[in-house]
Amino acid sequence: MLPNSFFFKIIVLLFLTLTGFRVFAQKTSDEELSKEVLHMDSVLFNAFNSHNLDVMKTVFDKDLEFYHDKGGLTNYEQNIAAFQQNFSKNQEVHRELVSGSTEIYPVKDYGAMQIGTHRFCHTENGQTDCGTYKFVHIWKRTPDGWKLARVVSYGH
């Protein structure tokens, strides 16, 4: 018969081994998720920066809810109209993601949550005006690809 400490060591070793493999697999999965979400972030904001409303329409979910601390709650149609109006008035608007500010988390059976900081600049009266703001994006994985379903924009 083997001593109890032997079984304890085997159980601990087995636990650590299995936990280590699970953590490694999760990390790989999170890295892939982060690449996908950051890619979609770049698709959306490359379209924004180039004023390509047609691409933006394909990235936003038709059931979009956009929560803005100063502007309130708006939907897909309201946001598309606002982007169209802003693009026609100001050809100098630009958004960039603040390097190192983004956190991405999986949302079980739905998609992902992106939390970060971004900087928007535009020209007003011949002067560049920039602001740095915080955001939360809820990305939904659909059969048609990733869609931005919820936006929380704050710190304005």
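No other residue among LEU16, LEU33, LEU38 is modelled with pLDDT under 95 and either more than 20 Å from MET113 (Cα to Cα) or not hydroxyl-bearing (Ser, Thr, Tyr) (or both) apart from LEU16. Say whether the condition of being among the aliphatic types (A, V, I, L, M), modelled with pLDDT of 95 or more and closer than 17 Å to ARG150 by Cβ is met by at least one residue in region 50-59. Yes, some residue in region 50-59 is among the aliphatic types (A, V, I, L, M), modelled with pLDDT of 95 or more and closer than 17 Å to ARG150 by Cβ. Selection of first residues in region 145-156 that are within 12 Å of LEU64 (Cβ to Cβ) and of second residues that are outside any strand (DSSP E or B), restricted to Cβ pairs under 8 Å at least 6 apart or on distinct chains, gives the following pairs, ordered by first then second residue: LYS147/VAL59; LEU148/MET40; LEU148/LEU44; LEU148/VAL59. Going residue by residue through region 79-96, is there one that turns out to be acidic (Asp, Glu), in a strand (DSSP E or B) and surrounded by 12 or more Cβ atoms within 10 Å (Cβ to Cβ)? The answer is yes, given that some residue of region 79-96 is acidic (Asp, Glu), in a strand (DSSP E or B) and surrounded by 12 or more Cβ atoms within 10 Å (Cβ to Cβ).
Out of the residues in region 34-69 meeting the condition of being among the acidic types (Asp, Glu) and not in a helix (DSSP H, G or I), tell me which one is nearest to HIS156 (Cα to Cα). In this case the residue turns out to be ASP69.
Going through (1) closer than 21 Å to LEU38 by Cβ; (2) hydrophobic (A, V, I, L, M, F, W, C); (3) in a helix (DSSP H, G or I) one by one, PHE120 falls short only on (3).
Selection within region 125-141: residues that are without any contact (Cβ under 8 Å) to a residue 12 or more places away in the chain and part of a strand (DSSP E or B). The member of this set that is nearest to LEU38 (Cα to Cα) is CYS130. For beta carbons closer than 6 Å, sequence separation of 6+ or different chains, a first residue in region 63-89 that is modelled with pLDDT of 95 or more and a second that is of a type in the set (Val, Ile, Thr) and surrounded by 11 or more Cβ atoms within 10 Å (Cβ to Cβ), the qualifying pairs are PHE66/THR74; PHE66/VAL151; TYR67/VAL152.
Across region 28-53, the number of residues qualifying as closer than 14 Å to TYR105 by Cα, surrounded by 13 or more Cβ atoms within 10 Å (Cβ to Cβ) and without any contact (Cβ under 8 Å) to a residue 40 or more places away in the chain comes to 0.
Checked against the criterion of being surrounded by 12 or more Cβ atoms within 10 Å (Cβ to Cβ) and in contact with a Ser or Thr (Cβ under 7 Å, 6 or more places away or on another chain), region 104-112 contains one or more residues that satisfy it.
Does SER101 satisfy the criteria of being closer than 19 Å to VAL43 by Cβ and small (Gly, Ala, Ser)? Taking the combined requirement at face value, the residue satisfies it. The set of residues from region 90-117 being under 23 Å from HIS51 (Cβ atoms) and in contact (Cβ under 8 Å) with a residue 60 or more places away in the chain comprises just one member, GLN114.
The values are calculated or read from the model by the stated rules, or taken from the named source; none is laboratory data. Keep in mind the model is a prediction, meaning the values are calculated, not measured. Reconstructed Cβ throughout: ideal geometry from the backbone, glycine too, with neighbour counts over all protein chains shown.
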